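Trainee: The following block contains the structure, expressed as structure tokens.
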Amino acid sequence: MNFEPSERSQRFREKVERFIAEQVAPVEPGILARHAAQGADWTQWKVDPQVDLLKAKARAAGLWNLFLPDEKLGAGLTTLEYAPVAEAMGHSLIAPEVFNCSAPDTGNMEVLFRYGSPAQQAQWLMPLLDGSIRSVFCMTEPDAASSDATNLKATAVVDGDEVVVNGTKWWSSGLGHPRAKVCIVMARTPSESADRHHQHSMVLVPLDAKGVTIRRMLPVFGEYDAPHGHGEVSFENVRVPLANLIAGPGLGFEIAQGRLGPGRIHHCMRCLGAAEEALALTVKRGLSREAFGKPLLNLGGNRERVARARIAIDQARLLTLFAAWKLDEVGPLLAMTEISAIKVVAPQVLQQVVDDAMQVHGGAGLSHDTLLPAFFAQARALRLADGPDEVHLGLVARLELQRHGGGTR
């Protein structure tokens, strides 16, 4: 296996890095400040005009939908080729959105691309690819241990030519966005003849459908992430056409594996981009400030922390690239160990590197004067999102036991 970036991967990465340096970085602090000033009332959230301007520039530069492995609708990059590009985007908080490569839209677009019907693709995929609408993914529930998705209580019951959706979801990312128009809901479709992993479906529910109520936005460490948001939404006898079922009833888990595999790699590579940015800030701060007659970097074991960060980031990157390569070669089911491994490792590496960076920055590291608090929140949230660390560690252990003949439990 060869992890040297292909020529087109390197070309896109260089273009993305240059665009971020020249177009995004100079205006990002102002955009983030204006986002934060919008407060907790999501009904008043607005898209910053500067973001739309950046999107238009990115699209004109051919830096649009780079995540999608289709040469007509995206850049045609493999998962391995896209990985370094995603890492480059991770240096910025807003860059993924600027390039139309941000979650949960990327995962939802991949679902529609791989599993959606022609009608579903025409109605929802094309506007998402165009960037004219945003979307939401609804899986986690407040009243269920959602780390085991078979616990989900929300239902999507087939009733003639309709699907009736009932239940409550929360931590539904993107729910507060003023352009969010549709959500993909993972819910139970009970069947006496099916096993426990064929009792769930994914269904497209327009957010303006009767019975859909956005209850609130949930802050992460006190931040509401406007105008994106992570919210709680209820579905009360929401009726949508049967044609809104994705792929068919009972296929939710199969679709989830196809959705989460590439998405986890995207998350992890962005984590490593953020870790690189945090490490660079550490070195810059450590060399520019003095205490007790020495640069900060020469005090309190800071050099060792820099070295350990360098080692950890490089290790995590190699593991993530290996997972991306294996996903391309054999698909998500046969790359489960590697995908779960990087999902544990990358956010933990980011969290530690950012924590060390905060310590070197002192009080400034806790403020909005740097990206560090947002990077820390990103890392800590990702240790729960798309499955908590413990679930992924349990999966890796189970597969390892199977490999050594130790059973399936």
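Each reported figure results from applying straightforward, stated rules to the coordinates on display, with no laboratory input. Not measured: the values here are computed from a predicted model. Neighbour counts are summed over all protein chains in view; Cβ atoms, including those assigned to glycine, are modelled from backbone coordinates with ideal geometry.
Trainee: At q = 0.13, 0.14 Å⁻¹, what base-10 log of I(q)/I(0) does the Debye formula yield for the chain when every alpha carbon is treated as an equal point scatterer in vacuo?
Mentor: -1.16, -1.35
Trainee: How much length is gained if the chain between residue 11 and residue 34 is pulled fully straight, taking 0.36 nm per residue apart and subtracting their Cα-Cα distance, in nm to one decimal?
Mentor: Details: separation 23, 0.36 × 23 = 8.28 nm, distance 3.26 nm.
Extra length available between residue 11 and residue 34 comes to 5.0 nm.
Trainee: Using only the Cα atoms of the stretch 7-102, what semi-axes does the equivalent ellipsoid have when each is the square root of 5 times a gyration tensor eigenvalue? Give whole Å, largest first. Walk me through the numbers before you get to the answer.
Mentor: Values: eigenvalues 136, 38, 26 Å².
Three semi-axes, in Å: 26, 14, 11.
Trainee: Any idea what Rg and Dmax come out to for the stretch 253-403 if you just take the C-alpha atoms, in Å?
Mentor: Final numbers for Rg and Dmax: 17.3, 60 Å.
Trainee: Could you give the semi-axes, largest first, of the ellipsoid that matches the stretch 134-248, computed as the square roots of 5 times the alpha carbon gyration tensor eigenvalues and rounded to whole Å? Write down the numbers at each step before the final one.
Mentor: Numbers: eigenvalues 118, 54, 22 Å².
After scaling each eigenvalue by five and taking roots: 24, 16, 10 Å.
Trainee: DSSP loop trypsin sites (Lys or Arg not before Pro) in the stretch 1-99 with at most 16 other Cβ atoms within 10 Å of their Cβ, which ones?
Mentor: Numbers: sites: 8, 11, 13, 15, 18, 34, 46, 55, 57, 59, 72; in loops: 46, 72.
Those satisfying the criteria are 46, 72.
Trainee: Let me ask another. For the stretch 46-203, how big is the tail of P(r) above 23 Å, as a whole percent of Cα pairs? Write down the numbers at each step before the final one.
Mentor: On the way: 5607 of 12403 pairs.
Above the 23 Å cut-off, the stretch 46-203 has 45 percent of its Cα pairs.
Trainee: What is the distance in Å between the Cα centroid of the stretch 345-375 and that of the stretch 35-95?
Mentor: So the separation of the two Cα centres works out to 23 Å.
Trainee: Here is a follow-up. Whats the longest run of the chain with zero GluC sites (Glu not before Pro) that are DSSP loop and have at most 16 other Cβ atoms within 10 Å? Please report the intermediate quantities before stating the final value.
Mentor: Values: sites that count: 71, 192.
The reported range is 193-409.
Trainee: Continuing with this model, one more query. If one takes the longest principal axis of the Cα atoms in the chain, at what angle in degrees, from 0 to 90 and to the nearest 10, does the Cα axis of helix 389-403 lie?
Mentor: Once rounded, the angle reads 80 degrees.
Trainee: Taking only Cα atoms, what is the 0 to 90° angle, nearest 10, from helix 372-382's long axis to the longest principal axis of the chain?
Mentor: Approximately 40 degrees, to the nearest ten.
Trainee: At most 10 other Cβ atoms within 10 Å plus a DSSP loop assignment makes a site exposed; report the longest stretch of the chain without any exposed chymotrypsin sites (Phe, Trp or Tyr not before Pro). Don't skip to the end; give the middle numbers.
Mentor: On the way: sites that count: 221, 292.
In the chain, the maximal stretch lacking such sites is 1-220.
Trainee: Next question. Would you kindly calculate the translational diffusion coefficient of the stretch 323-409, applying Stokes-Einstein with the Kirkwood radius from alpha carbon pairs, for 25 °C and a viscosity of 0.890 mPa s, and quote it in µm² s⁻¹ without decimals?
Mentor: On the way: Rh = 14.7 Å.
Answer, rounded: 167 µm²/s.
Trainee: Radius of gyration and Dmax for the stretch 92-174's Cα atoms, expressed in Å?
Mentor: 14.9, 47
Trainee: Any idea what angle helix 7-19 forms with the longest principal axis of the chain, computed on alpha-carbon atoms, 0 to 90 degrees, nearest 10?
Mentor: Around 70 degrees separate the two axes.
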